[in-house]
Amino acid sequence: MLIIAYPCDDGFFARAPFDYQLDPQMAKMDELLEDERLILRVSLDLAHSAPHALETGRQATPVEVKLRLAVLRRLNSWSYRQVEDEVKGSLKWRGFCHIYGHDVPDHSTIQTREALVAPKTLHALNDLVVQQAQTASITPASSDLTGFTMT
């Protein structure tokens, strides 16, 4: 069953044995990924992936997590296996991806679920992220991220 997000765990970093904050650029990207338009577009594609994805079946990895894993993977030029390993072993990336204490999906699940996102959505996602990143000074105005894909 399609779910949008895990419940927010405000105390996740407070339980860490050290003080932690995202670096400024990733904190801005974190804010950009809160955009409901991004989450809705990806949600709609995933909802269309199975006839009863909204009503039945076990709970899938949340849409928000899938989106954030895809963006993190692409920004770091990681393979699917690398993003799985990096997020599993990092409080920083678990928090950024809003996985918190939940299980990190394995690399094949990450890849399979990303493939369900329509090319039209990927293009819109790319345009929106680049536009917002440039506005927030995360990436220069001349930056070309046309290679941003989730597959």
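Compute the separation of the alpha-carbon centres of the stretch 64-95 and the stretch 111-125 and state it in Å as a whole number.
Result: 16 Å between the Cα centres.
Explain nothing, just compute: Karplus ³J(HN,Hα) = 6.51 cos²θ - 1.76 cosθ + 1.60, θ = phi - 60°, for every residue of the stretch 92-99 in order, whole Hz, x for Gly and Pro.
Values, residue by residue: 4, 6, 4, x, 4, 7, 6, 8 Hz.
Considering only lysines 8 or more places apart in sequence, or on different chains, count the pairs in the chain whose C-alpha atoms sit under 22 Å apart.
Going through the chain pair by pair, I get 5.
For residue 59, what charge total do you get from the other residues with a beta carbon under 14 Å from its beta carbon, if Lys and Arg give +1 and Asp and Glu give -1? Provide the component values of the computation, followed by the final result.
On the way: positive: 58, 66, 113; negative: 55, 64, 103.
Local net charge: 0.
Using only DSSP helix segments of four residues or longer, with each worth -39500 (n - 2.57), what per-residue ellipticity at 222 nm results for the chain after dividing by its residue count and rounding to 500?
-14500 deg cm²/dmol
If you take the Cα atoms of the chain, find Rg, then find the Kirkwood Rh from the mean of 1/r over all pairs, what is Rg/Rh?
On the way: Rg = 15.1 Å, Rh = 15.9 Å.
Taking Rg over the Kirkwood Rh, I get 0.95.
So what is the relative contact order of the chain, in percent, for Cα pairs below 8 Å that sit 6 or more residues apart?
About 32 percent, as a whole number.
Kindly rank 96-106, 9-19 from highest to lowest mean number of other beta carbons found within 10 Å of each residue.
Final packing ranking: 96-106, 9-19.
Amide H of residue 49: which non-local residues (sequence gap of 5 or more, or other chain) have their own amide H closer than 5 Å, using H built in the peptide plane?
none
Using the Cα centre of the chain as the reference point, and only Cβ charges (+1 on K/R, -1 on D/E), how large is the resulting charge dipole? Debye, rounded to the nearest 20.
On the way: 15 positive and 20 negative charges, 61 e Å.
Approximately 300 debye in magnitude.
Quick note: the coordinates plus some simple rules give every number you see, no bench work behind them. Since we're looking at a predicted model, the values are computed, not measured. Quick reminder, even Gly has a Cβ in these numbers, built from the backbone with ideal geometry, and neighbours come from all protein chains shown.
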